[in-house]
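One structure below.
The values are calculated or read from the model by the stated rules, or taken from the named source; none is laboratory data. Owing to the predicted nature of the structure, the values given are computational and were not obtained by experimental measurement. Virtual Cβ from ideal backbone geometry, glycine too; neighbours counted across all protein chains shown. Only protein heavy atoms, including side chains, enter the accessible area calculation; ligands, DNA and RNA are left aside. Shrake-Rupley method; radii C 1.70, N 1.55, O 1.52, S 1.80 Å.
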Protein chains: 2
Amino acid sequence: MRTLHATCAGTAPTGEMTFELTATDGAARAGILRTAHGDVPTPAFMPVGTKGSVKALDPARLRELGTTILLGNTYHLHFRPGEELIDELGGLHSFMAWEGPILTDSGGFQVFSLRDTISAVDPEGVTFRSVYDGRAARFTPELAAEIQRLLGSDIAMCLDVCPSPDVSRAELEAATVLTTAWAARQLAAPRAEGQLVFGISQGGTDPDLRRRSTEEISGLGFDGHALGGLSVGEDRDVMLETVAWSAPLLPAERPRYFMGIGDPIGILEVVERGIDMFDCVLPTRLGRTGSALTWEGRLNLKNARFARDRRPLDEGCPCSACTRFTRAYLRHLVNQQELLGLILLSEHNVRFLLDLTADARGAIERGEFGSFKTAALDRLGSAAPVAGEEVSR
Amino acid sequence: MRTLHATCAGTAPTGEMTFELTATDGAARAGILRTAHGDVPTPAFMPVGTKGSVKALDPARLRELGTTILLGNTYHLHFRPGEELIDELGGLHSFMAWEGPILTDSGGFQVFSLRDTISAVDPEGVTFRSVYDGRAARFTPELAAEIQRLLGSDIAMCLDVCPSPDVSRAELEAATVLTTAWAARQLAAPRAEGQLVFGISQGGTDPDLRRRSTEEISGLGFDGHALGGLSVGEDRDVMLETVAWSAPLLPAERPRYFMGIGDPIGILEVVERGIDMFDCVLPTRLGRTGSALTWEGRLNLKNARFARDRRPLDEGCPCSACTRFTRAYLRHLVNQQELLGLILLSEHNVRFLLDLTADARGAIERGEFGSFKTAALDRLGSAAPVAGEEVSR
């Protein structure tokens, strides 16, 4: 397998394909990503299992909801409980009883979004204080590779430098230069057996820098590629325009991952622009705060108008919250801070995004993505994303 | 059904039996309690669904764990969301998507354990301030019957006066007198179709008062009987002695319910003394605070000794927490305050008590309860109950 993936990651693939494109519709793509723990039909939404658990959801339930791949956070797992312990206990899949594919991020996004904890960024790596105990810590591309090797994820992400959207052009450029240098180093580092490695481009929405970064990362020979440093607070139209012209710069035969989007409209927009994978904490975070994603828009269950509402969260939704419970009951649970309320809302929200993504895939396969998206946006009219929510991964 | 239950509750039953005794072993009993929503094999442990949800547990999961009957709290449901709303939405079973039997308490225990909120106890009822908003509220036997009628529970409990264990004998006596008078009034009040009504005896551990109360309540013709006002902080040996001599005063052909016990040893002790049903928040409360009930005793998962422990919570336990997860993982979840941790611990703990109770039933049927209990106590040696925990219903 090591050989296979060296081949896959190399510039002259000769063996099995990691990614098979099965249909295209305009820029939108349907495909199958093959990993050591199974195939992932794309487009794919990845629920986020931050600390080795998708918040409030049992892994068996996640599978029932239709989850095909989970995300785990290297930053958090490195500090608690530590990759050595997870390795000792058989790796992340075994640790969290999820036998399907897992993608781990590199920790870069957490380090750089916890900006106040950074003490220095140098060519070798980034020095910061852990949010867990304030102790000095350091991430390098080699360590990001090693942590993910020990976690044993199916897809490891490169350590990137993810600046805030308001930095100077000089800073943004420095971030892309470092991101490329680190990507090359991480690609050369040992990986777990069968583990794929994805590169990440930076450059914000700056046309020149994003293009340069995307081309540099694409040229390194990764198994897949991510657009990083977007959906971090910048103007959404500009962000989507950036996706539209930069996604095609990525190799068509490799999967494309947009990091950190999970509102229904945002998913449709990036899929239309050729993105295959995306992740977000939105569905579980909304669930824990008492809100539901529905075709009527977001419902805040605390609202008094649901007090006597006999309807399910979302008419026609086959999830076990919608087929068994009324909005009135869920509102009661949310208002009484009953844990079952946030569990059920989280289940429904994850299912909503998984179903939306699966439906998008079906529409691409039928060559009807355009009309599917138009109809979906019409229905979702009142479900506009709330600023900032999709940022928090 | 109305006629049937009038018959069952009367002094000259002629129709179907509500309770069938299938085996006895010393004072211990095995039986079947028949309710409008199904049969309950006894002895039966009842998980507590305080506000229309057993904390953190999906009703479908509860069924899988082996739950045969749930308890709901009249006090809480009366104030939030209110029995009229629940009735409008089809009753408590439909509201919470639990199609099995439900027993509702009367609210008496909550009112009297929230002692500081009581403004007056008079022959007609008790006046108090709601813990939800401080507003004046009043419970009478008739209201307790009416709330439970609207909730539509399978078993309604009588409004009783439950004093603290340190009251004067005069106060204790007054409580028993009022409890009997209220029981007679509640028995005469309308009930839901098919609803059984259980009386409750008081009298603390005072031999004379407990005997008098038990005989008075037994004489009224209820469908079942509870020992109330025990397990509220009194000496445990005296409490068990009281159960030993007062349970036989209750009609043998009706079910006997001990209110508020759920530690493993306590369950075995009351079953041995002829109790058929019991309830406690202990398993879910322990789960939410990171502790597990096991045959090795209670495990506090926060303990560092579990950090690298590959074993399941309880060797041989078939629950989905024990068959999938290590103590090390559960400790990680608990320490990181991941909701999945308390969900899994709650599931395991409920299952532990359900399995223990089912095993006790099997032992009674085989005429081996004595040796079963001895062996269980040996194994549970380090699992001594923590004072006070079993009190909180």
Average accessible surface area per residue within the stretch A:45-281, 1.4 Å rolling probe, Å²: 30 Å²
Assigned charges on the beta-carbon of Lys, Arg, Asp, Glu; the stretch B:45-281 dipole about Cα centre (debye): 260 debye
Global size of the protein assembly as shown as Cα Rg and Dmax, reported in angstrom: 30.3, 93
Nearest 10 degrees, 0 to 90: helix B:236-246 Cα axis against chain B principal axis: 50 degrees
Cβ crowding within 10 Å averaged over residues, with B:361-372, A:121-132 ranked highest first: B:361-372, A:121-132
Under 5 Å, built H, 5+ apart or other chain: amide partners of residue B:294: B:299
Inter-label distance, nm, simple model (7 Å from Cα along the C-beta direction), residue A:377/residue B:307: 5.3 nm
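Other chains near B:335-345: what is the mean number of their Cβ atoms within 10 Å of each residue's Cβ?
5
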Whole-Hz couplings from phi, Karplus 6.51/-1.76/1.60, listed for the stretch B:116-124; x for Gly and Pro: 5, 8, 7, 9, 6, 10, 10, x, 7
Positive minus negative residues near residue B:308 (Lys, Arg vs Asp, Glu; Cβ under 13 Å): +1
Gaussian network model of chain A, springs between alpha carbon atoms under 10 Å - residue of A:235, A:133, A:166 with greatest fluctuation: A:133
Whole-percent carbon and sulfur share, accessible surface of the protein assembly as shown, 1.4 Å: 51 percent
Residue B:55 long-range amide H proximity, modeled H, under 5 Å: B:50
Top of B:104, B:50, B:74 by mean-square fluctuation, Gaussian network on chain B, Cα under 10 Å: B:50
Peptide B:322-330 - average C-beta neighbours from other chains (10 Å radius): 4
Charge tally in the Cβ shell below 13 Å around residue A:176, where Lys, Arg are +1 and Asp, Glu are -1, residue A:176 excluded: -3
20 Å-binned pair-distance histogram of chain A (Cα, whole percent): 29, 59, 11, 0
Chain pair A, B: total accessible area buried, heavy atoms, 1.4 Å probe, Å²: 3300 Å²
Rounded, prolate or oblate (a/c below 1.5 giving rounded, otherwise prolate when a/b exceeds b/c) for the stretch A:236-284 by Cα gyration tensor: oblate
For the stretch B:95-101, Karplus couplings with θ = phi - 60° (6.51, -1.76, 1.60), whole Hz, Gly/Pro x: 3, 9, 6, 10, 8, x, x
Total formal charge among the other residues, if their Cβ is under 15 angstrom from that of residue B:185, Lys/Arg +1 and Asp/Glu -1: -3
Amide H contacts under 5 Å for residue A:70, placed H, 5+ residues apart: A:102, A:103
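Per residue of chain A, what 222 nm ellipticity follows from adding -39500 (n - 2.57) for every DSSP H run with n ≥ 4, rounded to the nearest 500?
So the calculated ellipticity at 222 nm is -11500 deg cm²/dmol.
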The protein assembly as shown: antiparallel DSSP beta bridges as a percent of all, rounded to 5: 50 percent
